[in-house]
Amino acid sequence: MAELQVGASSWRRIEVGRVLKLETGSLAVIVEIIDHKRALVDGPSADPRLATARSEVSFANTLLTPLFIEKLPRGARSGAVKKAWEKSEIDAKWKETNWAKKQVKQERRQALSDFDRFKVMRLKKQRRFEEHKALVKVKATKA
């Protein structure tokens, strides 16, 4: 008889070394767990938009990421956290995630002017027209 194993995903654990995405959009790593609702975090990212000062955060205001810094000691100071962050290449790994790509896309769309939005609309209409034309061509060859 087949053996069935049921369990939660392994990366959804709150632990020292887990990288968090804060509600401000910045990244931080858990340095010390204070209690079941709060943790001490530090985010020494090279990108100033993603950097976070060492502070206490509530888990209610964070999202867990699959990124993890291996062998980060509990209560590590900022210098040690920065070295571990760079060694694990968290910034590069973050830029490859769908979250980061989506965030960049949203920022680019918010920065568009009225005329830029109009040009995007026209390009979308052209794309839909070309797709429809190709679909009609394919249907005509099948019939």
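The values are calculated or read from the model by the stated rules, or taken from the named source; none is laboratory data. Bear in mind the structure is a predicted one, so any value in this text is a computation, not a measurement. Positions of Cβ are backbone-derived with ideal geometry, glycine not excepted, and every protein chain shown enters the neighbour counts.
For this structure, a couple of remarks:
- LEU67 being in contact with a strand residue (DSSP E or B) (Cβ under 9 Å, 6 or more places away or on another chain), on the phi < 0 side of the Ramachandran plot and of a type in the set (A, V, I, L, M, F, W, C): yes
- Filter pass, GLU56 being touching a residue at least 40 places away in the same chain (Cβ under 8 Å) and either part of a helix (DSSP H, G or I) or in contact with a strand residue (DSSP E or B) (Cβ under 7 Å, 6 or more places away or on another chain) (or both): no
- Once region 12-48 is narrowed to residues that are among the hydrophobic types (A, V, I, L, M, F, W, C), under 17 Å from the mean Cα position of the chain (by Cα) and outside any strand (DSSP E or B), the residue that is farthest from LYS102 (Cα to Cα) is ILE14.
- Top-ranked residue of region 109-120 - restricted to ones that are surrounded by 10 or more Cβ atoms within 10 Å (Cβ to Cβ) and at pLDDT 95 or above, ranked as nearest to ALA51 (Cα to Cα): LEU112
- Given (1) under 16 Å from SER26 (Cα atoms); (2) at pLDDT below 95, index of the condition LYS82 fails: (2)
This table checks each residue for (1) surrounded by 11 or more Cβ atoms within 10 Å (Cβ to Cβ); (2) out of contact with any helix residue (DSSP H, G or I) (no Cβ under 8 Å at 6 or more places or on another chain); (3) over 18 Å from GLU89 (Cα atoms); (4) among the hydrophobic types (A, V, I, L, M, F, W, C).
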{"residue": "VAL31", "(1), (2), (3), (4)": "yes, no, no, yes"}
{"residue": "LYS37", "(1), (2), (3), (4)": "no, no, yes, no"}
{"residue": "PRO44", "(1), (2), (3), (4)": "yes, no, no, no"}
{"residue": "ARG49", "(1), (2), (3), (4)": "yes, yes, no, no"}
{"residue": "THR62", "(1), (2), (3), (4)": "yes, yes, yes, no"}
